[in-house]
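**Student:** Have a look at this one.
The values are calculated or read from the model by the stated rules, or taken from the named source; none is laboratory data. Worth saying up front: this structure is predicted, and the values here are computed from it rather than measured. Glycine also receives a Cβ, built like all others from the backbone with ideal geometry; neighbour counts cover every protein chain displayed.
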Amino acid sequence: MHPMTKQHVIYAMDKNATPSMTVDNGAVVTIETYDCFENQIRSEYQPFHRLDWSRVNPATGPIFIKDAEPGDILAVTIEKIQLIGDATMLTGPELGVLGDDLTENTIRRFPIVNDKLIFSKEIAIPLNKMIGVIGTAPAGNPISCGTPEAHGGNMDCKEIKEGITLFLPVNVSGALLAIGDVHAAMADGEVSVSGAEVSSQITMRLQVVKEKNWPTPSLISEDKIITIASAPTLDEASKIATKNMVQLLTDATRVTTSEAIMLLSLAGDLRICQVVDPNKTVRMELPLQYWSENPFL
């Protein structure tokens, strides 16, 4: 087991970043993460203007994985997400989908009790622990941890949770994986600009996959396969996510391109992950129930 504390953070995914940890292919790693505000918010009454936005969306890392080389795929299996402390949420003018309707900033702190987020005396929301920021270093210029692109990043996909295996591209030697922005709960869209932001401890297994032409980012869960795409518009992201799923289907099964497209129109769900980041993120989900054995492993 390889531990890493949350003091090892970056604010952009960068091929020139110095690794905070080097691990063997197949290693199990446990890391700590700050919440997306780097734990700056301690009270609902804290002055909003004192929030340092340059410290938002820190990611713990980067982690150098031995044997990972450009063209490989990094498989990240999320074994456990342990939440630490209360959750924080905010919204306000010019934030989120309806920022134009708001005239003042609002900060809320939510306790977590018996696997539920206590929103109010009447409303307790079941947890759906998920990772908002996870990615590898891009081959080109650094990309802010707050921006999702083909390398992963701030995808805010609620399906990146315990038990799944996420596939990310390896663009540089060692991959340089970084993770942060864990949510205790978040719905598709993240319309207020934040989920229930919380510090965490994450345990994951890192495996390098060679000689596979899978589209990334993508993931496999117990019951579905998902392709994830981010782009300046939802239309562009939708096209990429769908095209990537078609590629997976034609590569892994015997269906033709036309059949794959028709199958997705019948059984695939195109869903919004988030609409509040510099790029928008969508996912295409396809249940695995149509195959007696998983053809994507």
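Yes or no, residue by residue, for (1) touching a helix residue (DSSP H, G or I) at 6+ places or on another chain (Cβ under 8 Å); (2) buried (at least 17 other Cβ atoms within 10 Å of the Cβ); (3) among the β-branched types (Val, Ile, Thr):
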residue	(1), (2), (3)
Asp223	no, no, no
Ala229	yes, yes, no
Pro232	no, no, no
Asp235	no, no, no
Asn244	no, yes, no
Leu248	no, yes, no
Thr257	yes, no, yes
Met262	no, no, no
Ser265	no, no, no
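**Student:** Which of the residues spanning the stretch 179-216 are farther than 23 Å from Val56 by Cα and modelled with pLDDT of 95 or more?
**Tutor:** Met204, Arg205, Leu206, Gln207, Val208, Val209, Lys210, Pro215, Thr216
**Student:** Let me ask you something else. Looking at Ala139, Ala175 in this structure, which one is out of contact with any Cys (no Cβ under 9 Å at 6 or more places or on another chain), surrounded by fewer than 22 Cβ atoms within 10 Å (Cβ to Cβ) and more than 22 Å from Gln82 (Cβ to Cβ)?
**Tutor:** Ala139
Conditions tested, residue by residue: (1) farther than 21 Å from Pro278 by Cβ; (2) modelled with pLDDT under 95.
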{"site": "Val56", "(1), (2)": "no, yes"}
{"site": "Ala59", "(1), (2)": "no, no"}
{"site": "Phe64", "(1), (2)": "yes, no"}
{"site": "Ile78", "(1), (2)": "yes, no"}
{"site": "Leu83", "(1), (2)": "yes, no"}
{"site": "Met89", "(1), (2)": "no, no"}
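**Student:** Restricting attention to the stretch 36-56, and to residues there that are in contact with a Gly (Cβ under 8 Å, 6 or more places away or on another chain) and crowded, with 19+ Cβ neighbours inside 10 Å, which single residue is nearest to Pro3 (Cα to Cα)?
**Tutor:** Cys36
**Student:** Those residues that are assigned to a strand (DSSP E or B), under 24 Å from His2 (Cβ atoms) and not hydrophobic (A, V, I, L, M, F, W, C), I need them from the stretch 207-236; list them, please.
**Tutor:** Gln207, the sole residue that qualifies.
**Student:** Out of Leu266, Leu248, Leu176, report the one residue that is over 30 Å from Asn105 (Cα atoms) and without any contact (Cβ under 8 Å) to a residue 40 or more places away in the chain.
**Tutor:** Testing whether each residue is over 30 Å from Asn105 (Cα atoms) and without any contact (Cβ under 8 Å) to a residue 40 or more places away in the chain leaves just Leu266.
**Student:** Under the condition of being over 11 Å from the mean Cα position of the chain (by Cα) and of a type in the set (Val, Ile, Thr), which residue from the stretch 148-178 is farthest from Ser194 (Cα to Cα)?
**Tutor:** The extreme case among them is Val172.
**Student:** Determine which member of the set Thr147, Thr106 is over 22 Å from Ile272 (Cα atoms) and either touching a residue at least 40 places away in the same chain (Cβ under 8 Å) or surrounded by fewer than 20 Cβ atoms within 10 Å (Cβ to Cβ) (or both).
**Tutor:** The match here is Thr106.
**Student:** Collect the residues in the stretch 59-72 that are surrounded by fewer than 24 Cβ atoms within 10 Å (Cβ to Cβ) and either closer than 14 Å to Lys212 by Cβ or not aromatic (Phe, Trp, Tyr) (or both), keeping them in residue-number order.
**Tutor:** Answer for the stretch 59-72, where residues must be surrounded by fewer than 24 Cβ atoms within 10 Å (Cβ to Cβ) and either closer than 14 Å to Lys212 by Cβ or not aromatic (Phe, Trp, Tyr) (or both): Lys66, Asp67, Glu69, Pro70, Gly71, Asp72.
**Student:** Would you check if Val282 is in the same structural domain as Leu95 (by TED's automatic domain parsing) and touching a residue at least 40 places away in the same chain (Cβ under 8 Å)?
**Tutor:** no
**Student:** Continuing with this model, one more query. Among the residues that make up the stretch 243-256, is at least one of them of a type in the set (A, V, I, L, M, F, W, C), out of contact with any Ser or Thr (no Cβ under 9 Å at 6 or more places or on another chain) and in a helix (DSSP H, G or I)?
**Tutor:** yes
**Student:** Within the stretch 21-33, take every residue that is assigned to a loop (DSSP other than H, G, I, E, B) and touching a strand residue (DSSP E or B) at 6+ places or on another chain (Cβ under 6 Å) and give me the one that is surrounded by the most Cβ atoms within 10 Å (Cβ to Cβ).
**Tutor:** My answer is Ala27.
**Student:** β-branched (Val, Ile, Thr), assigned to a loop (DSSP other than H, G, I, E, B) and closer than 21 Å to Ser144 by Cβ - does that describe any residue in the stretch 75-92?
**Tutor:** no
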